[in-house]
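**Q** My structure is below; once you've seen it, I'll send some questions.
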């Protein structure tokens with residue numbers, strides 16, 4: 001847990017602590033084992049396949065040795081929020097947001113891509129059959145993850161009228177990516193609306209299962225979609 005944002009019924013509502021759970025001992029590590037996030041408010045949003053966690057202000061946490069690195073000197077540039085994913089084919093980190101990802105800021109699609117090997121970042125635009133619907137949904141607190149089975153990113157908001165409407169976004173090495181509304185096979189379950197707090201990290205790709213697990217809310221349990 002790389003920081004905790006807006007913890008319900010707490011004051012202050014957010015915490016900079018980094019806490020880790022050890023599956024071998026079935027216990028949490030002692031408090032203070034890991035260094036706090038460098039900037040309160042800029043928490044872990046995504047991780048690469050090596051287990052490194054990327055925070056909103058372009059800091060990277062090495063989970064092997066517990067150190068933080070400012071991967072973009074000075075931390076300047078747009079804030080990275082959710083959903084953030086690792087494109088394992090191109091070894092890049094991507095972040096897809098409407099506005100600031102939380103329903104505010106300039107009403108537009110914002111995509112940031114960070115190339116791990118070259119330590120460079122760039123902006124990306126969207127086009128395709130799903131763009132108009134994506135723009136109309138104005139997603140906030142959305143979730144998603146990269147699917148190596150078909151080299152696509154699955155994006156989901158799921159609040160209100162957007163319940164059940166998922167998007168496939170196809171990354172590439174260029175500056176424009178395609179977005180389309182995902183379709184499901186006959187007999188698929190109808191997804192309930194996401195809770196008011198959003199999807200955030202409650203949807204992820206599970207390599208062993210070759211598919212996505214989604215928890216729209218704690219009240220409805222888990223849903224699974226196979227992709228490979």
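**Q** Can you say whether residue 85 is surrounded by 14 or more Cβ atoms within 10 Å (Cβ to Cβ), touching a residue at least 12 places away in the same chain (Cβ under 8 Å) and under 22 Å from residue 110 (Cβ atoms), as far as the supplied structure shows?
**A** Here the answer is yes, as residue 85 does meet what is asked.
**Q** Something else: Looking for something at positive phi and either buried (at least 17 other Cβ atoms within 10 Å of the Cβ) or outside the structural domain of residue 197 (by TED's automatic domain parsing) (or both) - is there at least one such residue anywhere in region 106-127?
**A** Among the residues of region 106-127, not one is at positive phi and either buried (at least 17 other Cβ atoms within 10 Å of the Cβ) or outside the structural domain of residue 197 (by TED's automatic domain parsing) (or both), which makes the answer no.
**Q** In this structure, is residue 98 over 25 Å from residue 198 (Cα atoms), in contact with a strand residue (DSSP E or B) (Cβ under 8 Å, 6 or more places away or on another chain) and surrounded by 12 or more Cβ atoms within 10 Å (Cβ to Cβ)?
**A** So residue 98 fails the test.
**Q** Do the conditions hold for residue 108, that is, is it modelled with pLDDT of 95 or more, touching a strand residue (DSSP E or B) at 6+ places or on another chain (Cβ under 8 Å) and within 24 Å of residue 198 (Cβ to Cβ)?
**A** It is false that residue 108 is modelled with pLDDT of 95 or more, touching a strand residue (DSSP E or B) at 6+ places or on another chain (Cβ under 8 Å) and within 24 Å of residue 198 (Cβ to Cβ).
**Q** Could you say whether any residue in region 173-191 is assigned to a loop (DSSP other than H, G, I, E, B) and under 23 Å from residue 2 (Cα atoms)?
**A** No.
**Q** Another question, then. For the subset of region 1-16 comprising residues that are at pLDDT 85 or above and surrounded by fewer than 16 Cβ atoms within 10 Å (Cβ to Cβ), which member is farthest from residue 66 (Cα to Cα)?
**A** Top of the filtered list is 13.
**Q** Test residue 143 against the criterion of being buried (at least 19 other Cβ atoms within 10 Å of the Cβ), at pLDDT 90 or above, farther than 20 Å from residue 59 by Cα and under 18 Å from the mean Cα position of the chain (by Cα), and give yes or no.
**A** Criteria met by residue 143.
**Q** Can you tell me which of 186, 219, 182 is in contact with a strand residue (DSSP E or B) (Cβ under 9 Å, 6 or more places away or on another chain) and in the same structural domain as residue 101 (by TED's automatic domain parsing)?
**A** 182 is the lone residue from the list that is in contact with a strand residue (DSSP E or B) (Cβ under 9 Å, 6 or more places away or on another chain) and in the same structural domain as residue 101 (by TED's automatic domain parsing).
**Q** What are the residues in region 214-228 that are touching a residue at least 40 places away in the same chain (Cβ under 8 Å), part of a loop (DSSP other than H, G, I, E, B) and under 19 Å from the mean Cα position of the chain (by Cα), if any?
**A** 216, 227
**Q** Within region 173-200, count every residue that is surrounded by 11 or more Cβ atoms within 10 Å (Cβ to Cβ), over 11 Å from residue 155 (Cα atoms) and under 19 Å from the mean Cα position of the chain (by Cα).
**A** Total satisfying the criteria: 7.
The values are calculated or read from the model by the stated rules, or taken from the named source; none is laboratory data. Everything numeric in this text was worked out from a predicted model, so none of it was measured. Please note: Cβ atoms are built from the backbone with ideal geometry, for glycine as well, and neighbour counts cover all protein chains shown.
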